[in-house]
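The values are calculated or read from the model by the stated rules, or taken from the named source; none is laboratory data. Bear in mind the structure is a predicted one, so any value in this text is a computation, not a measurement. Note that each Cβ is placed from the backbone with ideal geometry, even for glycine, and that neighbours are counted across all protein chains shown. For accessibility, only protein heavy atoms count, side chains too; no ligands or nucleic acids. Shrake-Rupley method; radii C 1.70, N 1.55, O 1.52, S 1.80 Å.
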Amino acid sequence: MSTAQTPDDGGMLAAAVPNRPRQAGIAYSNAPAPHQTESTMPSRTAPAPQTTTEPASAGGGRRRRGVNREGLEAGKRSTRTILWVLLAAALVLYGFPFLYLLFTSFKTPIDTIAVPPTILPKEWTLDNYINALGRNGVPASFINSIQTAVISTLLSLVLAVPAAYGITRYKTASGRVFIMAALVTRMVPPVAIGIPLASMMASVGLADTPIALSIAHTTISLPLSIWLMSSFFEAVPQDLEEAATVDGCSRLGALWRVVIPVVSGGIAVTAIFAFLASWNEFLFALLMTAVRSQTTPVVIANFQTQFGLDWGSMTALAAVYSIPVILLTLLLQRKIVAGMTLGAVKG
Amino acid sequence: MSSRKTISRLAALGSLSTAVILAATACGAGGPATSGGAASSSINVLVEAGGHAELQPIADQCKKDTGVNVNFVELPYDGLFNRLSSEFSSGTVSFDVAALDSVWLPSFKDALQPIDELFTDEAKKDIFPSLVKEANVDGHFIGMPAWTNAEIVLYRKDLFEDAKNKADFKAKYGYDLAAPKTWQQYQDISAFFTKDGMYGTDVKGGVETEYLAHVLQAGSPMVLDSKNNVVVDNAAHKQALDFYTSLVKDAPAGAAQVDWAAAQNLFNQGKTAMTQFWAHAYRQIPKDSPVYGKVGTAPMIGGSAGVAGVPGPWYLSVPKATKNTDAAKKFVKCAFDHNDLAIQSSLGLAARVSAFQKYQDQPGYESFKPLIETLNAPATATRPATAKWQQIVDTVLVPMLQKAVAGGDSATLLADAKSKIQALLK
């Protein structure tokens, strides 16, 4: 771009100071920083004709600059407005069902089945919570859900972290095959592996135990965990590990002391995903649990019976069941955000 | 440093949690071990979530009488079928007794133990005839009825007893307004009450049982005859379907999507003046419903073959794979002996005729007389004993009904249904 065609102040000043060295991509294409303007001031007194034309051009430049700034700010404002509208729409889309569930949990029985449905309860009641939490087996199911989800999350991390590290650092053909093959379990409908898994667990004496269900849930979360962790390891410069080895660390020592602290945000994200996959899983829990290890999603589903649907109690228990996940997400919020942006500056 | 500290803390926390969890994992939080080990006096009973309420008072009594301790495993309806299928096919079961929907008996007959010794003459006399017949599969009794249900007519007593409504109805139709007994009366009353934002009845396009009851009322076996010929295109099926669809104009819009839950909601909200519904619904009307205390009951309506309904019983069955056969059979017998205790549960159903009769005159149990009459009606019959029944319902009958209530030609739809059912049964 030539200086004559440059509409901004930088272009004008560059034309006024012919000997000034050009800095590609800074002075000629963008508005200059204040210090750049100051640095050109002594040379401005030299050519008179240019000085006479300066007010007009400068005025024009200022006008254009003002227009651009306003335009730019208006553009920014409208972009911001659109983003806010999109954010509000997304919030309504995702938040409304949960709010509706929450409001329904405070409704009276007849209110829950109102035709047409109402959003807010006509009369607020805690009866649904008393009924749901007082139901036989509910506290035990909460403990089972926690046990299962924690074990499954730990299993996923223990297996996924070294697997992903090995795949990303050694970049072998077998590693590439392995990471693709890990997805196979996600391609098969869960019901197709649920029944054989249930039979296998029964044959090794693990029927109706949280550990059996945790292993089943790990088949769901492990492929996702490996893929997630691989992308986080990819973002860590290899120089870091090399520096650690120069300082005397072994390969594993470098992984433990240097790499894992760097990807701790990623581990938190992976842990959350693995935990949620297990926490909300229904089908395997349905097929594999009985008296000892039934988890809460199955208990929630039991409010729909052949004799009717107890909406109030169902929504009350679902609302209570959401609390630990919300708390966990809030507690790990900073780690999650850090993990989400871990690969953003790569390259 | 802070990252390392965080990792260390997480690791410590993780180790501690793992230790606690793995220690607790040995048995889970729910209770004792499942079936499959040595025989014991504790049994697991697999039951649909609604059925648990029915069986709990019986289990409490049986523990006192027989010493058999019962642990219930509750599952939702669809999940129960999947669970039974997977465990029966694997040969390893986690339960000693299962409460089975009547339509599942033919599917699982090979995995269930005969319990012929429990069906004494005295017992058979106290069970509705259609249930005795249904429990016997291939010459052996494989399930003891635990509770049964059937559709009856629920109607708005307050509207039916209103003097103006009575006078207007008589002036228009020439006979007294009362609980309907025939198809024609049901049509007239439905049309009469369809005004001012209210509807005479509902039409359930999402479920098949009510239509099948009309088929029985029209004098035909439902779908299959005694030789397993598909008779879904005979005159009785067409009459029944035409009657079913004739009510659409007096029912709320969207009949194709109306199922049991929707129909029950409409009635409990006071939107419909009548409904044909499972008898248990009478005792389940919420106290804050506008129709609470204003509902009357009557037997199912009758067609050319008289009153008829489709029973909805559940049976207690003992799997062949259980190690606790003795305790399981003790419980099944005890459940039959104390069948009337189930009536005191929130759902209030039983299987024995004597149990219903014991309560039929008590306030709050006004649904029992119509239920007994419907279940004892000569035309009442259970669903065909075929392992493909659920498939026939889901893939043929319900889609056919949905098209019919949306205005499809009944003869064409029934002919189409016949060929599809024949293909399924091949």
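What the table below lists for this structure:
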{"read-out": "Every residue from the stretch B:136-166 that is of a type in the set (Lys, Arg) and open to solvent by less than 30 Å² (accessible area, probe 1.4 Å)", "value": "B:ARG156"}
{"read-out": "Out of A:LEU330, A:LEU309, sole residue that is of a type outside the set (Val, Ile, Thr) and crowded, with 16+ Cβ neighbours inside 10 Å", "value": "A:LEU309"}
{"read-out": "Failed criterion for A:ILE110 (all others in (1) open to solvent by less than 60 Å² (accessible area, probe 1.4 Å); (2) in contact (Cβ under 8 Å) with a residue 12 or more places away in the chain; (3) in a helix (DSSP H, G or I); (4) within 14 Å of chain B (Cβ to nearest Cβ) hold)", "value": "(2)"}
{"read-out": "Leading residue by the ranking (least open to solvent (accessible area, probe 1.4 Å)) among those in the stretch A:288-306 that are within 30 Å of A:ARG334 (Cα to Cα) and in a helix (DSSP H, G or I)", "value": "A:THR296"}
{"read-out": "Of all residues in the stretch A:172-192 being open to solvent by less than 50 Å² (accessible area, probe 1.4 Å) and assigned to a helix (DSSP H, G or I), the one that is farthest from A:MET288 (Cα to Cα)", "value": "A:GLY175"}
{"read-out": "Conditions (1) within 14 Å of another protein chain (Cβ to nearest Cβ); (2) in a helix (DSSP H, G or I); (3) buried (at least 24 other Cβ atoms within 10 Å of the Cβ); number of the one not met by A:ILE215", "value": "(3)"}
{"read-out": "Members of the stretch B:81-99 that are more than 17 Å from B:ASN324 (Cα to Cα) and more than 7 Å from chain A (Cβ to nearest Cβ)", "value": "B:PHE81, B:LEU84, B:SER85, B:SER89"}
{"read-out": "Number of the condition not met by B:ALA262 [criteria: (1) facing chain A (nearest Cβ under 10 Å); (2) within 27 Å of B:ALA381 (Cβ to Cβ); (3) not in a helix (DSSP H, G or I)]", "value": "(3)"}
{"read-out": "Test: residue in the stretch A:117-131 that is over 28 Å from A:LEU228 (Cα atoms), surrounded by fewer than 17 Cβ atoms within 10 Å (Cβ to Cβ), at the interface with chain B (Cβ under 10 Å from one of its Cβ atoms) and touching a Leu at 6+ places or on another chain (Cβ under 8 Å)", "value": "no"}
{"read-out": "Matching entry among B:ALA308, B:ALA262 (being at pLDDT below 95, more than 30 Å from B:PHE95 (Cβ to Cβ) and within 17 Å of the chain's Cα centre (by Cα))", "value": "B:ALA262"}
{"read-out": "Listing of helices (runs of 4 or more DSSP H) fully contained in the stretch A:226-287 that carry 1 or more residues being β-branched (Val, Ile, Thr), within 13 Å of chain B (Cβ to nearest Cβ) and touching a Leu at 6+ places or on another chain (Cβ under 8 Å)", "value": "A:264-279"}
{"read-out": "Helices (runs of 4 or more DSSP H) contained entirely in the stretch B:64-135, each with at least 1 residues that are surrounded by fewer than 18 Cβ atoms within 10 Å (Cβ to Cβ) and in the same structural domain as B:SER317 (by TED's automatic domain parsing)", "value": "B:77-90, B:121-125, B:129-135"}
{"read-out": "Residue list for the stretch B:300-310, filter: part of a loop (DSSP other than H, G, I, E, B) and surrounded by fewer than 24 Cβ atoms within 10 Å (Cβ to Cβ)", "value": "B:SER304, B:ALA305"}
{"read-out": "Residue, nearest to A:ALA114 (Cα to Cα), within the stretch B:278-293, restricted to residues that are surrounded by fewer than 21 Cβ atoms within 10 Å (Cβ to Cβ) and in contact (Cβ under 8 Å) with a residue 40 or more places away in the chain", "value": "B:GLN284"}
{"read-out": "Test result for B:ALA191, buried (at least 16 other Cβ atoms within 10 Å of the Cβ) and either within 23 Å of the chain's Cα centre (by Cα) or of a type in the set (Asp, Glu) (or both)", "value": "no"}
{"read-out": "Odd one out for A:ALA319 among (1) open to solvent by less than 20 Å² (accessible area, probe 1.4 Å); (2) more than 8 Å from chain B (Cβ to nearest Cβ); (3) under 28 Å from A:PRO162 (Cα atoms)", "value": "(3)"}
{"read-out": "Any hit, the stretch B:406-424, residues being within 29 Å of B:PRO129 (Cβ to Cβ) and touching a Leu at 6+ places or on another chain (Cβ under 6 Å)", "value": "no"}
{"read-out": "B:LYS358 farther than 30 Å from B:ALA253 by Cα and basic (Lys, Arg)", "value": "yes"}
{"read-out": "Search result, residues across the stretch A:138-171 that are within 11 Å of chain B (Cβ to nearest Cβ), open to solvent by 50 Å² or more (accessible area, probe 1.4 Å) and under 14 Å from A:LEU222 (Cβ atoms)", "value": "A:LEU154, A:LEU155, A:VAL158"}
{"read-out": "Residues of the stretch B:391-415 that turn out to be open to solvent by 60 Å² or more (accessible area, probe 1.4 Å) and more than 23 Å from B:ASP250 (Cα to Cα), as a count", "value": "4"}
{"read-out": "Options A:LEU183, A:LEU222, A:LEU206: the member that is aliphatic (A, V, I, L, M) and in contact (Cβ under 8 Å) with a residue 60 or more places away in the chain", "value": "A:LEU222"}
